[in-house]
Amino acid sequence: MSPAISIQNVSKVYAENFIALKDINLDIHKGEIFALLGPNGAGKTTLIGCICGTIKTTSGVIEINGQDNVINYKSTRSIVGLVPQEISTEAFETVWATLKFSRGLFGKRRDDQYLQQVLKSLSLWDKKDSQIRFLSGGMKRRLLIAKALSHEPEILFLDEPTAGVDVELRQSMWELVKDLKKRGTTIILTTHYIEEAELMADRVGVINDGKLILVDNKNTLMKTLGQKTIEIEIDQSLDRLPQDLNNLGVLYDADKKALQYNYNLNVNPNALKEFLLILQVSHIKIKDIKSMESSLEDIFVNIIKAK
């Protein structure tokens with residue numbers, strides 16, 4: 001099956017030789033949720049703009065459903081929905097009117113039932129006759145999503161969709177995203193709430209300084225690069241840490257009388273056994289044990305630091 005989006009050797013250079021994207025290569029599969037992560041200024045929004053055709057690439061080719069998005073701009077743009085970062089709406093227009101207008105822009109037949117369904121799914125139906133200037137910031141952001149969905153796109157871009165949105169609304173938005181995925185919609189999202197990517201994404205890409213530095217299945221990424229941490233509270237105080245524990249990189253907190261050990265079973269399958277054996281040989285008695293695992297955010301921070 002051909003990818004929903006194929007990005008081949010794409011670069012973008014702005015005035016004064018500012019390189020925003022450097023030779024990006026990426027395929028996004030049909031029906032997947034792909035999370036594009038990176039710090040501010042990394043190139044996420046520029047890449048989305050290039051795919052959607054709102055930003056012209058300097059070099060390279062982008063294909064959407066096998067069609068060049070420059071040569072076939074009209075047909076490729078018609079299957080893409082974009083929820084931008086910035087809230088820019090027609091202040092004196094009503095919610096219903098702007099939604100119908102957005103659908104009409106893509107040449108879609110009138111379908112009030114579908115638009116009603118979109119508004120209800122975003123808890124906006126009771127605001128359909130309200131002018132946009134009277135909506136709260138969260139409602140305006142929901143309206144941006146409604147507009148992006150108005151023409152029933154096969155591919156949906158969510159660029160920081162929950163920025164400035166309260167927790168309850170954020171959760172309802174992700175329920176909508178799950179529903180769209182079930183219908184076969186391909187979803188590409190950027191977010192500063194990395195726990196959202198951990199919860200929702202099938203694959204993760206990390207971009208920094210305009211370069212795509214990593215793309216992997218989320219579960220594989222967390223298994224391969226994730227660490228586990230075991231914290232052991234001990235019965236006695238230690239004058240010094242045994243050398244074998246030092247060699248493992250174990251940390252000792254004298255105030256808490258606790259040992260902390262970070263390990264990855266994919267790197268060393270026997271790491272935990274070795275640690276516990278050293279404790280036994282050193283006659284260190286265990287009082288309590290706590291275990292923790294790396295989050296996607298921990299992995300993301302470590303990747304960015306390493307680059």
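Points to keep in mind about this one:
- For residue 226, no residue has an amide H sitting under 5 Å from its own, ignoring neighbours fewer than 5 places away on the same chain, with H placed 1.01 Å from N.
- Within the range 123-138, backbone nitrogen closer than 12 Å to the virtual label 7 Å beyond the Cα of residue 90 toward Cβ: 132
- HN-Hα J in Hz across the range 262-275 - Karplus 6.51, -1.76, 1.60, θ = phi - 60°, x for Gly and Pro: 9, 8, 9, 5, 6, 7, 9, x, 9, 4, 5, 4, 4, 4
- Between helix 167-182 and the chain there is an angle of about 70 degrees, using the helix long axis and the longest principal axis of the Cα atoms.
- The GluC sites (Glu not before Pro) of the range 87-178 that DSSP puts in a loop, and whose beta carbon has at most 15 other beta carbons within 10 Å, are 90, 93.
- Low-density loop cleavage sites - trypsin sites (Lys or Arg not before Pro) in the range 47-123, where at most 16 other Cβ are within 10 Å (DSSP): 56, 108, 109, 110
- Helix 137-149 vs. the chain, principal-axis angle (Cα, 0 to 90°, nearest 10): 70
- Computed from Cα positions, the angle between helix 95-105 and the longest principal axis of the chain comes to roughly 80 degrees.
- Unsatisfied cross-links (Cα-Cα over 23 Å) in the set 120/181; 228/257; 12/182; 12/147; 74/147: 12/182; 12/147
- Cβ-based exposure ranking for 155, 230, in which fewest neighbours within 10 Å come first: 230, 155
- What the phi angles of the range 71-85 give under the Karplus curve with 6.51, -1.76 and 1.60, with θ = phi - 60°, is a coupling list of 5, 10, 4, 4, 6, 6, 5, 5, 9, 10, x, 10, 9, x, 5 Hz, glycine and proline written as x.
- 222 nm mean residue ellipticity, helices alone, for the chain (DSSP H n ≥ 4; -39,500 (n - 2.57); rounded to 500): -10000 deg cm²/dmol
- For the range 146-251, the set of trypsin sites (Lys or Arg not before Pro) satisfying both a DSSP loop assignment and a count of at most 15 other C-beta atoms within 10 Å is given as 183, 240.
- Rounded to 0.05, the FRET efficiency of the residue 172 and residue 256 pair, given R0 = 30 Å and the Cβ-Cβ distance, is 0.15.
- Total charge dipole magnitude, the range 5-223, about the Cα centre, Cβ charges on Lys, Arg, Asp, Glu only, Debye to nearest 20: 520
FYI, it's all coordinate maths here, none of it is from the lab. Everything numeric in this text was worked out from a predicted model, so none of it was measured. Methodologically, a virtual Cβ is constructed for each residue, glycine included, from the backbone with ideal geometry; neighbour enumeration extends over all protein chains shown.
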